[in-house]
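Structure first, then comments.
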Amino acid sequence: MILPWYNQLQIDFLEVNKVLLQDYSVFEYGSGMSTVYYANFVRKIVSIESRLSWFEKTKQMLISNNDIKKIIQDIDDKFEITFNNNNILLCLVQKDFANSILEYKNTFTNRKTFIVIDSNERAKCLEISTQIAKQNPKNTVIMLDNSERGNLQNSINNAISMGFYHKTFSSIRPSDNQVSTSTIFSLNPDFFIS
């Protein structure tokens with residue numbers, strides 16, 4: 001099984017909540033192993049990537065998976081497939097990265113949405129994601145990977161002061177045996193009951 005490059009406690013939390021997350025659409029800042037992981041159990045993924053090398057790596061991982069049903073488009077900076085009857089859109093976005101979620105906002109309006117921040121511009125991505133979550137407070141969850149980075153503490157504190165409940169996971173990443181921290185935010189406290 002392909003696992004994302006998250007810490008073990010974060011992976012465990014996701015594994016326990018797979019049934020819950022099946023009803024969610026994922027917007028992912030940053031693509032890779034996590035894109036393939038989510039594609040196995042969520043209905044829709046929009047994954048944006050700022051680095052051409054990761055865009056190409058993720059595209060190849062998705063193509064090499066035997067469960068692909070249909071490649072819908074493969075032109076320049078967009079790659080879309082159906083995978084295990086789920087839809088995945090992978091986009092290369094090199095300008096205005098953090099704001100690119102706004103282009104896909106209607107895709108997630110009034111739907112259960114899981115926003116994953118695992119790329120550059122994490123602080124700005126978190127700021128924009130919290131604004132989107134406020135528009136759909138019961139159904140939006142935000143996961144900030146590598147939240148231990150010092151430049152993120154003000155952004156995390158801002159989210160908490162806005163009323164977001166949060167849960168932090170800190171443990172070893174199986175991919176490289178390094179300690180990493182991730183924080184999950186939601187305006188709905190019931191999301192954390194499992």
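The values are calculated or read from the model by the stated rules, or taken from the named source; none is laboratory data. Remember, it's a predicted structure, so these values are computed and weren't measured experimentally. When we count neighbours, we look across all protein chains shown, and the Cβ atoms used for this are built from the backbone with ideal geometry, even at glycine. Ligands, DNA and RNA are excluded from the accessible area calculation, which covers all protein heavy atoms including side chains. Shrake-Rupley method; radii C 1.70, N 1.55, O 1.52, S 1.80 Å.
Can you pull out the residues in segment 6-16 that are open to solvent by 10 Å² or more (accessible area, probe 1.4 Å) and either under 16 Å from V141 (Cα atoms) or of a type outside the set (S, T, N, Q) (or both)?
Matches in segment 6-16: L9, D12, F13, E15, V16.
Could you tell me which residue of segment 61-78 is surrounded by the fewest Cβ atoms within 10 Å (Cβ to Cβ), considering only residues that are within 20 Å of I2 (Cα to Cα) and at pLDDT 80 or above?
Among them, the one singled out is S64.
Can you pull out the helices (runs of 4 or more DSSP H) entirely within segment 80-183 that have at least 1 residues that are open to solvent by 80 Å² or more (accessible area, probe 1.4 Å) and small (G, A, S)?
153-161
Does any residue in segment 158-181 that is at positive phi come within less than 6 Å, Cβ to Cβ, of a residue that is small (G, A, S) and outside any loop (DSSP other than H, G, I, E, B) six or more places away or on a different chain, and which pairs are these?
none
In segment 24-75, which residues are outside any loop (DSSP other than H, G, I, E, B) and among the hydroxyl-bearing types (S, T, Y)?
Answer for segment 24-75, where residues must be outside any loop (DSSP other than H, G, I, E, B) and among the hydroxyl-bearing types (S, T, Y): S25, Y29, S34, T35, Y37, Y38, S47, S53, T58, S64.
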